[in-house]
Amino acid sequence: MQTNKRRRSRLSFHIEVTVGAGSKQVITGTSRDMSMNGIFILTQDRIPIDAICGLEIQLAGKSSNLRIRARGMVARHAPDGMGITFQHDLEWWPMIENIIMEQFEAQY
């Protein structure tokens with residue numbers, strides 16, 4: 001049985017994410033879910049487990065955009081993508097939660 005090691009709840013959130021490790025390994029994928037301390041990215045490409053990487057997430061608001069850059073480490077691979085743990089909790093998490101909730105409410 002697999003144990004859930006997550007410290008924080010995750011929210012389903014689909015947005016384009018760019019991940020880079022080193023000067024030549026840059027991939028783009030779509031987030032599946034995200035928390036204050038990690039993100040799962042849907043992609044066929046992989047960065048090695050334990051690799052330190054940089055992430056860029058572009059959020060679109062009603063009248064402006066927010067680009068978040070963070071550093072993380074690849075924690076795991078799965079058939080549909082990879083999980084990355086942020087090196088530091090995202091300070092922007094309350095704003096991201098609001099954007100996710102607004103998008104959810106707009107759909108229903």
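The values are calculated or read from the model by the stated rules, or taken from the named source; none is laboratory data. Please read these numbers as outputs of a predicted model, since none were measured by experiment. Quick reminder, even Gly has a Cβ in these numbers, built from the backbone with ideal geometry, and neighbours come from all protein chains shown.
Here Met101 passes the criteria (1) of a type in the set (A, V, I, L, M); (2) free of Cβ contacts under 8 Å to residues at least 12 places away in the same chain; (3) in a loop (DSSP other than H, G, I, E, B) except the one numbered (3). Could you give me the residue pairs with C-beta distances under 9 Å whose first residue belongs to the stretch 32-44 and is farther than 14 Å from Gln87 by Cα and in contact (Cβ under 8 Å) with a residue 40 or more places away in the chain, whose second residue is among the acidic types (Asp, Glu) and part of a loop (DSSP other than H, G, I, E, B) wherever it lies, and which are 6+ apart or on separate chains? Partner pairs satisfying both residue conditions: Arg32/Asp80; Phe40/Asp80. Residues in the stretch 72-95 that are in contact with a Phe, Trp or Tyr (Cβ under 7 Å, 6 or more places away or on another chain) and either free of Cβ contacts under 8 Å to residues at least 24 places away in the same chain or within 13 Å of Gly20 (Cβ to Cβ) (or both): Gly72 only.
Just to verify a result, which residue in the stretch 9-59, among those that are of a type outside the set (S, T, N, Q), loosely packed, with under 12 Cβ neighbours inside 10 Å and at negative phi, is modelled with the lowest pLDDT? This residue is Lys24.
I need the full set of residues from the stretch 20-67 which are more than 17 Å from Pro79 (Cβ to Cβ), not in a strand (DSSP E or B) and not hydroxyl-bearing (Ser, Thr, Tyr), in order please. Selection gives Gly22, Lys24, Met36, Asn37, Asp50, Ala51, Gly61, Lys62.
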